[in-house]
Amino acid sequence: MIKLLHFADLHLGVENYGRLDPATGLSTRLMDFLRVYDQVVDYALENDVSLVVFAGDAYKTRDPSPTYQREFARRIQRLSAAGIPTVLVAGNHDTPSAIGRAITVEIFATLEVENVYVAKKPEVINIETKDGPVQIVALPWVTRSALLARDEYKNKNLEEINQLILDRITNIVEGDDGLISQLDPAVPTILAAHATVQGAKYGSERSVMLGQEVILPPSLAKNPAFDYVALGHIHKHQVLNEEPPVIYSGSIERIDFGEEREDKGFVVAEVERGRATWQFVKTDARPFVTIKVDVQSDDPTAEILEAIAARDIEDAVVRLIIHTTAEKEPLINEGEIRRALAGAFHVAAIVKDVERKVRLRLGDQPIEEMTPRQMLERYFQVKQTPPERTKLLLEHAEDIFRELQEG
């Protein structure tokens, strides 16, 4: 039985809603991401894990700073020193657009760090864990330049190019000489991929436009050759299939308010040939809290303070949205509101959505001063209704107006 820890989409370098920590010189949001990263590593070390699979996107950018690289490597070194095999699958944020440039995690392979396996191309990785052998079918993020020669997509549209790539990927995995053909049918097998599988639901993180990435068919992920499928790329934790389990672990820390209601964490699975069970383990991700107040009373500040007190904002990233009127806006004491929000980790915004009365005009005359017939006439003028039809409609309208007046 292989005890697998599967996580993905760390994205070190996301520093929105943070500030500089004077004690460390680092962003407080970087410390958030490292804190939950430590929770993942600690769990692996304390719970007798056989294997760790990271399904891609170690950093926010393809050119991470030395500080981010150092902090990522420190945690990988802890796993390596403990003798826990760790597979790093290259994600889209790890993969440069130019052929020949190194991926962000390639240094581990270059230095031949013990117990660390870097997947930068589709391949089968055979690993001997303390609990027995396991096979990893690695499918890192694919680029057009890596799979297609320039002549192959010359004069083809985006849909045709994506279909060519999909056909090539399917052949690499399931073809007569594909990765599945290299597997030992008696050994537990894990597909580790950084990709979008058809049917997955995006969270708020979608950084590419629809049509610019290849969507893998569910049939490829559900192939019975796999006992567990560890996916990365989509930040929302979700299960696409039960047998075999096809799972996005999701990201381990929240990035923005679009992920406010999403649990963050990683997956722990027990995998054997033909069977796998799993559980989702939550990380202590930074809470994001949106407070919406529709001011109704004559004391809007008190109403807003009451709404703030009703929510747990301690150490949260908070945004306050106030719906009010132009008459009540001057009565809002922003100083008191900010003092009430002092317990928050970060106040992202205080937004005042002010409803203002607008005097509508049709032409030069205010709408309030027009009779129903005048408004209707003006409407027909704007719509460029033919004169003969306008005359007929106004005659019918006069009948309706008369009936209304007569009650």
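Read-outs: derived from the displayed coordinates by stated rules, not from any lab. All figures in this text were calculated on a predicted structure; none of them were measured in a lab. Positions of Cβ are backbone-derived with ideal geometry, glycine not excepted, and every protein chain shown enters the neighbour counts.
Beyond 32 Å between alpha-carbons counts as too far, so tell me which of Lys130/Lys201; Lys121/Lys156; Lys328/Lys383 fall in that bin.
Working: Lys130/Lys201 36 Å; Lys121/Lys156 25 Å; Lys328/Lys383 38 Å.
Table pairs above 32 Å Cα-Cα are Lys130/Lys201; Lys328/Lys383.
How fast does segment 1-89 diffuse by Stokes-Einstein, in µm²/s, taking the Kirkwood radius from C-alpha pairs at 4 °C and 1.567 mPa s? Intermediate values should be presented prior to the final figure.
On the way: Rh = 13.7 Å.
Once the numbers are plugged in, D ends up at 94 µm²/s.
First select every other residue whose beta carbon is under 11 angstrom from the beta carbon of Val118; then total the charges, Lys and Arg +1, Asp and Glu -1.
Values: positive: Lys120, Lys121; negative: Asp94, Glu106, Glu112, Glu123.
Local net charge: -2.
What translational diffusion coefficient, to the nearest whole µm²/s, does the chain have by Stokes-Einstein, given a Kirkwood radius computed over alpha-carbon pairs, a temperature of 20 °C and 1.002 mPa s viscosity? Walk me through the numbers before you get to the answer.
Details: Rh = 25.2 Å.
Reported coefficient: 85 µm²/s.
Given the Cα atoms of segment 156-257, and with Rh set as the inverse mean 1/r over their pairs in the Kirkwood sense, what is Rg to Rh to two decimals?
Details: Rg = 14.7 Å, Rh = 14.8 Å.
The Rg/Rh ratio comes out at 0.99.
Quick one: if the Förster radius is 45 Å, what FRET efficiency do Thr28 and Thr385 give, using the C-beta to C-beta distance and rounding to 0.05?
Numbers: r = 62 Å, r/R0 = 1.39.
E(calc), rounded to 0.05, equals 0.10.
What is the distance in Å between the Cα centres of segment 54-110 and segment 32-46?
The two parts, judged by their Cα centres, are 16 Å apart.
Highest mean first, what order results for 389-399, 264-274, 172-182 on Cβ atoms within 10 Å?
Values: 389-399: 12.2, 264-274: 20.6, 172-182: 15.1.
Taking the mean over residues of other Cβ atoms within 10 Å, the ranking is 264-274, 172-182, 389-399.
May I have the convex hull volume per residue, in Å³, for the Cα set of segment 74-195? Spell out each step's value before the answer.
Values: hull volume 14.0 nm³, N = 122.
For segment 74-195, the hull spanned by Cα atoms encloses 115 Å³ per residue.
On a straight-distance basis, which aspartates and glutamates could pair with Lys60 in a cross-link, Cα separation under 17 angstrom, same-chain partners fewer than 8 positions away excluded?
Within the straight-line cut-off, Lys60 pairs with Asp9, Glu15, Asp32, Glu71, Asp94, Glu106, Glu205, Glu253, Asp256, Glu259.
Among Thr86, Thr290, Thr283, which comes first, then next, by fewest other beta-carbon atoms within 10 Å? Could the numbers behind the result be given before it?
On the way: Thr86 26, Thr290 16, Thr283 22.
Least crowded to most crowded, the residues run Thr290, Thr283, Thr86.
Which helices, counted as full DSSP H runs in the chain, have an axial Cα extent of no less than 24 Å and a Kyte-Doolittle average of -0.5 or above?
On the way: long enough: 28-46 (26 Å, 0.04); 387-406 (28 Å, -0.93).
Qualifying helices, which must be both long enough and hydrophobic enough, are 28-46.
Ordered by packing density, taken as the mean number of other Cβ atoms within 10 Å over each peptide's residues, highest first, how do 183-191, 232-240 rank?
Values: 183-191: 18.8, 232-240: 21.3.
The densest-packed peptide leads the list: 232-240, 183-191.
Please give the direction-averaged projected area of the C-alpha convex hull for segment 288-355, in square nanometres with one decimal.
On the way: hull surface 15.4 nm².
Mean projected area of the Cα convex hull: 3.9 nm².
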